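Read the structure below first, then the notes.
The values are calculated or read from the model by the stated rules, or taken from the named source; none is laboratory data. This structure is a prediction, so every number in the text was calculated from the model and none was measured. A quick note on method: Cβ atoms are made from the backbone with ideal geometry, for glycine too, and the neighbour counts reach across all protein chains shown.
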Amino acid sequence: MITTNTLRPKWSSALLSLLLIAAVSSSCKKDGGGINLFSVQDDIDLGMQVSDEIEADPATYPILSEGLYPEAYGHLRRIRDEILDNAEVDNEAAFAWEVKLIEDDEVLNAFCTPGGYIYVYTGLVKYLDSEDQLAGVMGHEIAHAALRHSTDQLTQLYGIQLLLGIVLGNSSSSLTDIAASLVVLKFSRNHEEQSDEYSVRYLCGTEYDARGAARFFEKLVAAGTPTPPQFLSSHPDPDNRVEDILGFWEELGCGEGGTFVDRYEDFKNSLP
């Protein structure tokens with residue numbers, strides 16, 4: 001999870017109007033949660049500032065130099081482009097979809113900030129066995145950003161009345177406090193399940209086997225890992241997620257796709 005204490009997002013002028021509308025229509029709910037009071041531009045601004053904070057903290061986030069490892073970044077961009085070019089991804093044109101490799105072989109992690117900044121740890125790349133598995137994980141993370149789960153969670157965490165009080169200056173909290181909440185923010189069960197489903201949807205039209213995320217969970221279960229890494233949450237249970245992902249795959253009729261083991265070995269060998 002992102003750790004920063006100095007985020008200063010530039011919130012859109014439309015936020016106050018949204019809050020005022022929401023204050024009188026808070027009963028309007030969508031399946032599995034409430035309305036998102038943040039604009040797409042808020043996601044973009046927040047993501048840019050989170051990215052700046054990460055770049056400014058190499059001790060916590062040792063970003064692998066693209067100048068020294070262009071081949072590794074070429075592999076990562078190929079996977080990203082295969083997903084974005086062949087799937088219907090919400091906010092594809094608006095978000096940055098930049099990719100960065102974090103050099104830490106001890107961490108099985110990946111995350112995507114609001115606005116589409118994708119970070120993948122070298123530990124995760126080296127842990128996985130084939131390119132479709134990493135594509136499945138990246139599809140999951142892209143879904144969190146594309147579907148704006150972070151700001152949706154922030155809306156649910158703070159609530160309409162508190163957000164309205166912040167904007168009107170009637171609360172001791174601030175929008176900076178909201179941004180800092182990303183430190184401890186965890187996605188809901190519904191968000192995790194939706195991102196699992198969209199990982200399958202995204203990969204279904206690509207060259208990859210759309211069951212890639214399920215293969216990752218199967219690897220975790222086979223290794224006796226008690227819970228998946230934080231970026232995929234500790235819920236739902238990994239076994240159940242494998243079953244659900246395979247169910248989505250059958251429902252969509254994706255068919256067999258490639259795993260690209262040899263090409264993925266080239267990716268791993270391109271890392272330090």
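Here is how the numbers come out for the structure above:
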{"item": "Check on Gly47, small (Gly, Ala, Ser) and in contact with a strand residue (DSSP E or B) (Cβ under 6 Å, 6 or more places away or on another chain)", "result": "yes"}
{"item": "Which numbered condition Glu192 fails, given (1) of a type outside the set (Ser, Thr, Tyr); (2) within 14 Å of Val137 (Cα to Cα); (3) modelled with pLDDT under 65", "result": "(3)"}
{"item": "Within region 27-74, tally of residues that are over 25 Å from Leu271 (Cβ atoms) and at pLDDT 90 or above", "result": "4"}
{"item": "Residue pairs meeting the criteria (Cβ under 6 Å; at least 6 apart or on separate chains; first in contact (Cβ under 8 Å) with a residue 24 or more places away in the chain, in region 206-218; second hydroxyl-bearing (Ser, Thr, Tyr))", "result": "Asp209/Thr259; Ala213/Ser199"}
{"item": "Complete set of residues in region 35-56 that are surrounded by 14 or more Cβ atoms within 10 Å (Cβ to Cβ) and assigned to a loop (DSSP other than H, G, I, E, B)", "result": "Ile35, Asn36, Leu37, Phe38, Ser39"}
{"item": "2 or more residues in contact (Cβ under 8 Å) with a residue 60 or more places away in the chain: qualifying strands (runs of 3 or more DSSP E) within region 59-128", "result": "110-112, 117-121"}
{"item": "Residue match in region 160-182 (condition: modelled with pLDDT of 80 or more and either assigned to a loop (DSSP other than H, G, I, E, B) or among the acidic types (Asp, Glu) (or both))", "result": "no"}
